[in-house]
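So the structure is just underneath, and the comments pick up after that.
No value in this document is a laboratory result; all are computed from the given coordinates. No experiment lies behind these values; they were computed from the predicted model shown. Note: ideal-geometry Cβ built from the backbone for every residue, glycine included; neighbour counts use all protein chains shown.
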Amino acid sequence: FGDTRAVDGVDLRVPSGGVYGVLGPNGAGKTTTIRMLATLLRPTGGSAVVLGHDVVAEAATVRAKVAMTGQFASLDEDLTGTENLVMLGRLYGFSWAQACERSTELLEAFDLTEAAGRQVKKYSGGMRRRIDIAGSIVVRPELMFLDEPTTGLDPRSRNQVWAIVRALVSAGTTILLTTQYLDEADQLADRIAVIDRGKVIAEGTCGEL
């Protein structure tokens, strides 16, 4: 970004089957890092391999295997929770019946059944975060990027998101989680990389750090 290197020599090795935390303050380079790994931002140097595929040369393959959600809902706020999830299912190639079935399944799993017929713009902050994560796993990803998913949430909503993260891992999804909260990294992550000014300054388990 001009003369600024948002990510400078970051070397991450994320083991499968758990939560890898990327911890750092605002502006540390966390979001830029995962946007490159999710193929949403093309790196200007270096290389990155996700699930065995290069993020530049095999970007389409990477996109088919990962999901990403962040601090802000990316769904259509004028549609209901059900309509959003059904639409996503149809875009992924589900039949109408399959999309409706998956929508119902996700709404139940994320404790949103009672709000299913309500426009997303009328959801609370915690509900919007949950429906956004639900939308990201209409097709079950092998790897999910969660970019500061609890920023701005109240403690109850934060705990609900933590429970969702644990459930995703139990179901076999690997999670790369960025956060600025030390307690969140401690609660969820098997390993943590601490990033500041685009560089990894420490890496290890919470106990090691």
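Brief remarks follow.
- Scaled against the 2.2 N^0.38 Å expected of a compact globular protein of N residues, the Cα radius of gyration of the range 19-204 reads 1.03.
- Cα-based reach from K65 at 25 Å (exclusive), listing lysines while leaving out same-chain residues under 8 positions away: K30
- Using a simple spin-label model with pseudo-atoms 7 Å out from Cα toward Cβ, R63 and V139 lie 1.0 nm apart.
- Two-site FRET efficiency, D183 against L40, from Cβ-Cβ distance with R₀ of 22 Å, rounded to 0.05: 0.20
- Relative contact order of the chain, taken over Cα pairs closer than 8 Å and 6 or more residues apart, is 35 percent.
- Inter-label distance, nm, simple model (7 Å from Cα along the C-beta direction), D54/E101: 4.0 nm
- Gyration tensor verdict on the range 80-126 (Cα atoms; rounded if a/c is under 1.5, prolate if a/b is larger than b/c, oblate otherwise): prolate
- Placing R0 at 30 angstrom, the Cβ-Cβ distance between D190 and A109 gives a FRET efficiency of 0.85 after rounding to 0.05.
- Set of aspartates and glutamates near K121 by C-alpha distance (under 20 Å), chain-local residues within fewer than 8 positions excluded: D76, E77, D78, E83, E108, D111, D132, D154
- For the range 74-181, GluC sites (Glu not before Pro) meeting the loop criterion (DSSP other than H, G, I, E, B) and having at most 15 other Cβ atoms within 10 Å: E77, E142.
- Here r is the Cβ-Cβ distance between L12 and A163 and R0 is 25 Å; the resulting FRET efficiency, rounded to 0.05, is 0.45.
- Estimated 222 nm signal from helices in the chain, with DSSP H stretches of n ≥ 4 weighted -39500 (n - 2.57), rounded to 500: -11000 deg cm²/dmol
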